[in-house]
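Everything below concerns the one structure shown next.
The values are calculated or read from the model by the stated rules, or taken from the named source; none is laboratory data. Nothing here was measured: the structure is a model prediction, and the numbers come from that model. Every residue, glycine among them, receives a Cβ derived from its backbone with ideal geometry; neighbour counts consider all protein chains shown. Surface accessibility is based on the protein's heavy atoms, side chains included, excluding ligands, DNA and RNA. Shrake-Rupley method; radii C 1.70, N 1.55, O 1.52, S 1.80 Å.
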Amino acid sequence: MEQRLTGKVCIVTGGTRGIGEAIVRAFVAEGAKVFATYNGSVEKANQLVAELGEAHVHFSQLNTSSSESIKAFVDFINAETQRVDVLVNNAGMTKDNLLMRMTEDDWDLVLDTNLKSVFLLSKAFSRPMMSQRKGRIINIGSIVGSTGNAGQANYAASKAGLIGLTKSLAKEFASRNILVNCVSPGYVITDMTEKLTDEQRASFTGNIPLKRGASAEEVAKVCLFFASEDSSYVTGQNIFVDGGLAM
Ligand SMILES: NC(=O)c1ccc[n+]([C@@H]2O[C@H](COP(=O)([O-])OP(=O)(O)OC[C@H]3O[C@@H](n4cnc5c(N)ncnc54)[C@H](O)[C@@H]3O)[C@@H](O)[C@H]2O)c1
């Protein structure tokens, strides 16, 4: 069977675990060459390279809260490859607190990590896409960017910002055939949601019409759709992958 991303060069931020790891695996399985990033220990990145093969995946260190780290990563990719077909802005973090207890530093850290980085990376990698007159940018949002969530003002604002950024870039880049979409998960079973208490988890799943959280692979499949030719007439969309939670 023909693979959907054969010959495509894809960038995935935060690729060593959770949703990012599932995206890396899904893209490699469809024939892509993936440049992924890790933040922290290199061990898992090395494991994935050993498992998936050096020819298919490369990991670079990247801290998306730092403009300098983003610049170094962009320079590396520009030296390594002439083309970029798909950029998946997946790296993200939470630093939850009620507004009255939220510090300015925690606000800045989450906004820089989750939103400003997407501006910087999209600006850098839309350049080769413009010359190619083809490309895909996929931003990993969250349903709380649309619904809001008590205790997550910084995170929800960063994810709401991603929706506006997605739609603006979709309009700016449409004439160059660069499609920009946002994939917004609800409750996905990953390290990020490990932090929830059993009570919070039960209350979450109880409210989901499908009565369960998503696997990271279920989110990755939607990203694969946006990366592939199957979505050639879809841009500027924010799709919920949430088991019906936010409808
Ligand atoms: N798990 C969920 O229920 C859920 C729901 C909605 C949205 N999301 C979003 O999905 C994306 C992936 O999250 P996940 O669930 O796989 O969580 P996770 O915590 O397992 O993974 C987050 C990834 O982002 C990377 N990251 C965090 N801070 C970084 C930084 N400063 N620089 C570079 N990389 C950094 C981590 O290294 C990791 O690879 C995030 O954008 C998150 O907001 C997750």
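Quick one: what are the phi-derived ³J(HN,Hα) couplings along the range 161-167, Karplus 6.51/-1.76/1.60 with θ = phi - 60°, whole Hz, x for glycine and proline?
For the range 161-167, the Karplus-derived couplings read x, 4, 5, x, 5, 4, 5 Hz, x marking Gly and Pro.
Of Phe35, Phe59, Phe225, which has the largest mean-square fluctuation in a 10 Å C-alpha GNM of the chain?
Phe225
Can you list residues from other chains, or at least 5 along the same chain, whose modelled amide H is less than 5 Å from the amide H of Cys182?
Asn139, Gln237, Asn238, Ile239
Provide Ser65, Ser228 ordered by accessible surface of protein heavy atoms (probe 1.4 Å), highest first. Don't skip to the answer; put the middle values down first.
Values: Ser65 40, Ser228 0 Å².
Sorted descending by solvent-accessible area, the residues read Ser65, Ser228.
Of the listed pairs Lys8/Lys71; Lys44/Lys167; Lys171/Lys195; Lys95/Lys123; Lys134/Lys221, which have alpha-carbon separations greater than 32 Å here?
Details: Lys8/Lys71 23 Å; Lys44/Lys167 34 Å; Lys171/Lys195 37 Å; Lys95/Lys123 26 Å; Lys134/Lys221 21 Å.
Exceeds cut-off: Lys44/Lys167; Lys171/Lys195.
Springs between alpha-carbon pairs under 10 angstrom, Gaussian network model over the chain: which of Val12, Val144, Val74 fluctuates most?
Val74
Over the chain, what percent of the accessible surface lies on carbon and sulfur atoms, probe 1.4 Å?
Roughly 52 percent, rounded to a whole number.
Quick one: what are the phi-derived ³J(HN,Hα) couplings along the range 226-235, Karplus 6.51/-1.76/1.60 with θ = phi - 60°, whole Hz, x for glycine and proline?
3J(HN,Hα) across the range 226-235, in whole Hz: 5, 7, 9, 5, 4, 10, 4, 10, 10, 8.
Can you send over the solvent-accessible area of Arg176, 1.4 Å probe, protein chains only, in Å² to the nearest 10?
That residue has around 80 Å² of solvent-accessible surface.
If I take every Cα pair under 8 Å that is 6 or more residues apart in the chain, average their sequence separation and divide by the length, what percent do I get for the relative contact order?
RCO, the chain: 20 percent.
Quote the FRET efficiency, to the nearest 0.05, computed for Leu196 versus Gln3 with a Förster distance R0 of 45 Å and r equal to the Cβ-Cβ distance.
0.80
With a ≥ b ≥ c taken as the square roots of the eigenvalues of the C-alpha gyration tensor of the chain, please select rounded if a/c is under 1.5 and otherwise prolate if a/b is larger than b/c or oblate if it is not? Write down the numbers at each step before the final one.
On the way: a/c = 1.41, a/b = 1.38, b/c = 1.03.
Judged from the Cα gyration tensor, the chain comes out rounded (a/c under 1.5).
Using Cα centres only, tell me the gap between the range 80-133 and the range 157-173 in whole Å.
That distance is 11 Å.
Which whole-Hz couplings ³J(HN,Hα) result when phi for each residue of the range 27-39 is put into the Karplus expression 6.51 cos²θ - 1.76 cosθ + 1.60, θ = phi - 60°, listed in order with x for Gly and Pro?
5, 5, 4, 9, x, 7, 9, 10, 9, 10, 10, 10, 9
Where the convex hull is taken over the Cα atoms of the range 142-247, what is its projected area averaged over directions, in nm²?
Seen from a random direction, the Cα hull of the range 142-247 projects 7.1 nm² on average.
Give the long-range amide H neighbours of Ile11: residues separated by 5 or more places, or on another chain, with amide H under 5 Å away, using H modelled in the peptide plane at 1.01 Å from N.
Phe35, Val86, Leu87, Val88
For the chain, what does the helix formula give at 222 nm: sum of -39500 (n - 2.57) over DSSP H segments with n ≥ 4, over the residue count, nearest 500 deg cm²/dmol?
Mean residue ellipticity at 222 nm (helix-derived): -13500 deg cm²/dmol.
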